[in-house]
Amino acid sequence: MNVNANEMGARLRNLRGGKGWTREATAEKADIAIDTLARLEQGRHLPSLKVALRLATLFGVTVEELALGKESDTRLDEDAARVVAALMYVPQPQRKTLVDLVVGVKDLLV
């Protein structure tokens, strides 16, 4: 199973276009350089795993869907994707505390 950089770039452009975001806004939201996003969208490079995770989370898709175009049953809705994206920047000890808090609140509500 090989990842085609051109096809992945097209998926990135389509996902970004579907959100109505500029390249600049998308790069900022994903915390990557605009030149990096441009090269990815043009199919000139494949992203690192870290960048792929950031982009997949930002767009609410799995890395597999981003890389290979395969839809997944585990797709995140927009709110969940925002939470995951925010948690990526929280240091591990605090992240675990926040996750435990969210799970505790979920258990109270469900």
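The values are calculated or read from the model by the stated rules, or taken from the named source; none is laboratory data. Treat the numbers as computed from the prediction; the structure is a model and nothing was measured. Glycine also receives a Cβ, built like all others from the backbone with ideal geometry; neighbour counts cover every protein chain displayed.
Tabulated data
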read-out: Residue in the stretch 90-99 that is within 11 Å of the chain's Cα centre (by Cα) and farther than 22 Å from Ala5 by Cβ present; value: no
read-out: Single residue of Leu53, Leu66, Leu58 found to be farther than 18 Å from Asn4 by Cβ, touching a Lys or Arg at 6+ places or on another chain (Cβ under 8 Å) and in contact (Cβ under 8 Å) with a residue 12 or more places away in the chain; value: Leu58
read-out: Which listed residue, of Ala86, Ala30, Ala25, is surrounded by 15 or more Cβ atoms within 10 Å (Cβ to Cβ), out of contact with any Cys (no Cβ under 8 Å at 6 or more places or on another chain) and of a type in the set (Gly, Ala, Ser); value: Ala30
read-out: Filter result for Leu66 (touching a helix residue (DSSP H, G or I) at 6+ places or on another chain (Cβ under 6 Å), at pLDDT 85 or above and either hydroxyl-bearing (Ser, Thr, Tyr) or not in a loop (DSSP other than H, G, I, E, B) (or both)); value: yes
read-out: Considering residues of the stretch 28-37 that are assigned to a loop (DSSP other than H, G, I, E, B) and not acidic (Asp, Glu) only, the residue farthest from Leu87 (Cα to Cα); value: Ala33
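For every residue, the table says whether it meets (1) part of a helix (DSSP H, G or I); (2) farther than 21 Å from Leu87 by Cα; (3) in contact with a Phe, Trp or Tyr (Cβ under 9 Å, 6 or more places away or on another chain).
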position: Val3; (1), (2), (3): no, yes, no
position: Asn6; (1), (2), (3): yes, yes, no
position: Leu15; (1), (2), (3): yes, yes, yes
position: Ala25; (1), (2), (3): yes, no, no
position: Arg39; (1), (2), (3): yes, yes, no
position: Pro47; (1), (2), (3): no, no, no
position: Leu53; (1), (2), (3): yes, no, no
position: Ala56; (1), (2), (3): yes, no, no
